[in-house]
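In what follows, a single structure is set out as C-alpha cells and then discussed.
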Amino acid sequence: MYYELAFIPFFIVIFLFVVFWIVAEGTRWQKHKFLGVFARFIQSSARKSFLVFFLLLVAMIPVTLGVVTGYWIDGWLVHATFSSTAPIVDTLLIILFLSAAMLPVIWSHFRKWRQAVRSAAETRVRALA
C-alpha cells in the first residue's frame, strides 16, 4: 500500500517537469487553455525557469527514495524476507536516468539566466558611462 502511495508524488514531480519543459520555450503556449498558466509562470524570467527546474530535480531525489521506503515498509508489514534487491536497484536507476535527463535542461536554463544577468550588468555599465 505504501509502495503504491509513494508513486503519487513521484509522478506529480515527473508530470510537472514535463509540463514546464514543454512550455519553457515559445510564446504560443502563453495563450493555451490549460498550459498557459505554466507558460506564463516559467517564461516570466530566466531565474525563475532555472529555479523551477532545479527544485524539481532536487525534489526528485526524496520522492524516489520515498518509493524505496514504501517498498521496504510494505515488506515489513507482511513480514516478507527480501530475497532480491532488484526493485531497490531499479528505483535507484530511475533516479539516475531521470537526473541524467533533467540535468541538460537545468544547465541550459542556468546558462540563459547567467547570460541575462551579464546582459543586465552590461546595460547598467553602459548607462553609467
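The values are calculated or read from the model by the stated rules, or taken from the named source; none is laboratory data. The model shown is predicted, which means the values in this text are computed figures rather than measured ones. Here the Cβ positions follow ideal geometry from the backbone for every residue, glycine too, while neighbour counts run over all protein chains shown. The protein model used for the area step is the full one, side chains on, heavy atoms only, and it has no ligands, DNA or RNA in it. Shrake-Rupley method; radii C 1.70, N 1.55, O 1.52, S 1.80 Å.
What to note about this one:
- The range 94-114 - residue that is open to solvent by less than 50 Å² (accessible area, probe 1.4 Å) and not hydrophobic (A, V, I, L, M, F, W, C) and, of those, nearest to PHE15 (Cα to Cα): SER99
- Condition check for SER84: at pLDDT below 85 and open to solvent by less than 60 Å² (accessible area, probe 1.4 Å): yes
- Any hit, the range 48-57, residues being more than 21 Å from VAL117 (Cα to Cα) and either under 13 Å from the mean Cα position of the chain (by Cα) or at pLDDT below 90 (or both): yes
- THR91 being surrounded by 10 or more Cβ atoms within 10 Å (Cβ to Cβ), under 19 Å from LEU16 (Cα atoms) and of a type in the set (S, T, N, Q): no
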